[in-house]
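What follows is a single structure, and I will ask about it in a moment.
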Amino acid sequence: MNSLLYQSGDLFFNREIRAFLETPLVGSYQEPFYLTYWSLLHFVSGILFALVSKSYVTGFVVHSAWELWQVYIGMNKPWNLSGHNGTVDIVTDTLLFMAGMMVTTHL
């Protein structure tokens, strides 16, 4: 059951898809700031979410709930400022999600 909960944090993607999504596009996991294909997925998710709801508050709450879920299952590590799934990554993911929403709501 614990493994199933943990896998939910990656949307149940298989190992090959996760490895692709974790490919650094900017920076690296050893640096405070980095972008991966996961980052793009957060941006696209914001675009798609705004097609359902134009409320930035709702988007922020839903995305924050997702990030909190990842903290709860042990995937995100907010006590680490930087690095893989650290605080900087959580904030970056949220900002990219909100930016995706802005793209949709301003078109």
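Amide H neighbours of residue 86 under 5 Å, counting only residues 5+ apart in sequence or on other chains, H built in-plane at 1.01 Å?
Placed amide hydrogens put 77 under 5 Å from residue 86.
By the scheme Lys and Arg +1, Asp and Glu -1, what is the net charge of all other residues having a beta-carbon under 10 Å from that of residue 39?
-2
Each residue of segment 42-56 in turn: what ³J(HN,Hα) in whole Hz from Karplus with 6.51, -1.76, 1.60 and θ = phi - 60°, glycine and Pro shown as x?
Result, rounded to whole Hz: 5, 4, 5, 4, x, 4, 5, 4, 5, 6, 9, 9, 8, 7, 5.
Coordinate-derived values only; no laboratory data. Predicted, not measured: the structure shown is a model, and the values here were computed from it. Note: ideal-geometry Cβ built from the backbone for every residue, glycine included; neighbour counts use all protein chains shown.
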